[in-house]
Amino acid sequence: MLDVDRIRKDFPLLSIEYGGKKIAYLDNAATSQKPVQVIDKISDYYRTYNANIHRGIYKISEKATEAYIESKEKAAKLINTDSYSEIVYTKNATDAINLAAIGWGTNNIKKGDHILITEMEHHSNIVPWQMLAKKREAVLDYVNVDRSTYTLDEESLEKGLEKNPKIFAFTHVSNVLGTINDAKKLTRKAHEAGTVVLLDGAQSVPHMGVDIKDIGADIFAFSSHKMLGPAGIGVLYAKRDILESMDPLITGGDMILSVEKQSSTWNDIPWKFEAGTSNVEGGIGFGAAIDYLNAVGMDNIKTHETGITKYALESLAGIEKVKTYGPAIESAAKGGIVSFSIQGVHPHDIATIFDSQGIAIRAGHHCAMPLIKSVLELPAAARMSFYLYSTMEEVDRAVQAIKSVKETFHIR
Ligand SMILES: Cc1ncc(COP(=O)(O)O)c(C=O)c1O
């Protein structure tokens, strides 16, 4: 059991008020709030050891370098990889997937090859593959989402894998449906077809224990800002042989071993992918966020979010003209995300009325247009998403806000 009251005290933003209303922050799938432990860590870096890393032969530079590397060690341990050399820091998950699509894809995708993704992907796991397919004259295939269970359609998956795609890139957890894909099983099936696997962990690593070695995926991406850390820092993990075979995209300082007038040689992994001055404060703050999550316990976070999500789904189930999208309440494969619509009301109007009551939710296409349009057949959806500090009381406020929306628009 989480001591949510205690946890909430660590997050200054959760006690702010707008127009006399305490904020209910229910947009955690977009980004998370930050605890004082992370804020203070970054502030301490600026105040007491701000220096460039790798370069200075002086104490504060050495301390900054150590703290930056230590954060990579923490990220490596969090997802159970062998060493921090497999942890490349990027700007975010999007940047990480682009680096993989271009860095790995350019060397491995040829004309006529198949690339497999799914209908439930975020744009950041669609557009890079569209670009690559166009450039290499490859074929981009989709695994369908089952319209009643909101899970990946097994038959469609088999058909996709029968074409022996070069890569299967899929999300661990859908940012719209909350569906948790069985990443281990899907990876095994893809490997049986000789297919490399890229797993998008943007919505899984913040909310549950993830053992990438056990899952077996070859490439993995996630973002610090969705897991209590600062924005501007993300992770590309890939197996050593993949990272070693990939060309860097950005070149310049720090990523080289030597530079001659006409040619250069690359630094070891992960540094060959990190050209120029690093986001030092981002890395250090990310390390503090991982410490915080570990202290609370990923399993405890998952259990707490499951309880809140069940409560939200049960509360919404009784309200007429409200529809939710995602696996059923009883399903174990459901993360802390509840997308919903109110018949006859545009989601932007829903979010505006929620906002007037101090409740922050997301409305729109959630960067998943193919899913929203072809699977849910909606112009947009409203979404509540939870985290370790979310409460049943916030869900009750959301339910009241839905009732206000219905009254305002005379929906019975
Ligand atoms: C499933 C999924 N993948 C990738 C991303 C991209 O993350 P970022 O914007 O941090 O790059 C998101 C962001 O919402 C997401 O939900």
inquiry  = Can you pull out every residue in the range 215-232 that is within 11 Å of the ligand (Cβ to nearest atom) and either assigned to a strand (DSSP E or B) or open to solvent by 20 Å² or more (accessible area, probe 1.4 Å) (or both)?
reply    = Ala221, Phe222, Ser223, His225, Lys226, Ala231, Gly232
key: Residues being under 13 Å from Tyr237 (Cα atoms) and in contact (Cβ under 8 Å) with a residue 40 or more places away in the chain - total across the range 51-73   = 1
message = Of everything in the range 90-120, what is touching a Ser or Thr at 6+ places or on another chain (Cβ under 9 Å), in a helix (DSSP H, G or I) and more than 22 Å from Ser278 (Cβ to Cβ)? Give them in sequence order.
response = Asn107, Asn108
ask   = Can you tell me which of Ile250, Ile284, Ile301 is under 24 Å from Ile97 (Cα atoms) and part of a helix (DSSP H, G or I)?
value = Ile284
ask   = Taking the range 162-197, which residues are open to solvent by less than 10 Å² (accessible area, probe 1.4 Å), away from the ligand (no atom under 16 Å from the Cβ) and either aromatic (Phe, Trp, Tyr) or part of a helix (DSSP H, G or I) (or both)?
value = Thr187, Ala190
message = Just to be sure I understand the filter: pairs with C-beta atoms under 8 Å, separated by 6 or more residues or on different chains, first member in the range 355-374 and under 16 Å from Val143 (Cα atoms), second member at pLDDT 95 or above and open to solvent by 40 Å² or more (accessible area, probe 1.4 Å). Which pairs pass?
response = Ala368/His122; Ala368/His123; Met369/His123; Pro370/Tyr142
query = Just wondering, is there one or more residues in the range 260-279 that are more than 16 Å from the ligand (Cβ to nearest atom), small (Gly, Ala, Ser) and buried (at least 17 other Cβ atoms within 10 Å of the Cβ)?
reply = yes
task = Just give me the residues in the range 280-306 being over 28 Å from Gly252 (Cβ atoms) and open to solvent by 30 Å² or more (accessible area, probe 1.4 Å), in sequence order.
result = Asp291, Asn294, Ala295, Asp299, Asn300, Lys302, Thr303, His304, Thr306
ask   = Which residues, counting only those in the range 121-139, are outside any helix (DSSP H, G or I), buried (at least 17 other Cβ atoms within 10 Å of the Cβ) and away from the ligand (no atom under 13 Å from the Cβ)?
value = Ala138
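Yes/no per residue for (1) among the charged types (D, E, K, R); (2) outside the structural domain of Thr324 (by TED's automatic domain parsing); (3) within 23 Å of Leu376 (Cα to Cα):
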position	(1), (2), (3)
Leu157	no, yes, yes
Ile167	no, yes, no
His172	no, yes, yes
Thr179	no, yes, yes
Lys185	yes, yes, no
Lys189	yes, yes, no
Val205	no, yes, no
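Results for (1) open to solvent by less than 20 Å² (accessible area, probe 1.4 Å); (2) away from the ligand (no atom under 16 Å from the Cβ), shown as yes or no for each residue.
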{"position": "Pro35", "(1), (2)": "yes, yes"}
{"position": "Tyr49", "(1), (2)": "yes, yes"}
{"position": "Asn52", "(1), (2)": "no, yes"}
{"position": "Ile60", "(1), (2)": "no, yes"}
{"position": "Ala64", "(1), (2)": "yes, yes"}
{"position": "Lys77", "(1), (2)": "no, yes"}
{"position": "Asn92", "(1), (2)": "no, no"}
{"position": "Asn98", "(1), (2)": "no, no"}
{"position": "Ile102", "(1), (2)": "no, no"}
request  = Considering each of Leu14, Leu26, Leu2 in turn, give the residue that is under 23 Å from the mean Cα position of the chain (by Cα) and at pLDDT below 95.
outcome  = Leu2
task = Scan (1) in contact with a Lys or Arg (Cβ under 6 Å, 6 or more places away or on another chain); (2) acidic (Asp, Glu); (3) within 12 Å of the ligand (Cβ to nearest atom) for the single condition Asp200 breaks and write down its number.
result = (1)
ask   = Of all residues in the range 312-327, how many are open to solvent by 20 Å² or more (accessible area, probe 1.4 Å), under 24 Å from Asn181 (Cβ atoms) and in contact (Cβ under 8 Å) with a residue 40 or more places away in the chain?
value = 0
request  = Could you please let me know if Ile69 is assigned to a helix (DSSP H, G or I) and open to solvent by 50 Å² or more (accessible area, probe 1.4 Å)?
outcome  = no
remark   = By residue number, the members of the range 203-214 that are away from the ligand (no atom under 13 Å from the Cβ) and assigned to a loop (DSSP other than H, G, I, E, B) are Met208, Gly209, Val210, Asp211
note = Pairs returned, first residue in the range 137-160 that is without any contact (Cβ under 8 Å) to a residue 12 or more places away in the chain, second residue that is outside any strand (DSSP E or B) and not charged (D, E, K, R), beta-carbon separation under 7 angstrom, 6 or more apart or interchain, are Asp153/Asn144
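The values are calculated or read from the model by the stated rules, or taken from the named source; none is laboratory data. Predicted, not measured: the structure shown is a model, and the values here were computed from it. Note: ideal-geometry Cβ built from the backbone for every residue, glycine included; neighbour counts use all protein chains shown. Note: areas computed on protein heavy atoms with side chains; ligands, DNA, RNA excluded. Shrake-Rupley method; radii C 1.70, N 1.55, O 1.52, S 1.80 Å.
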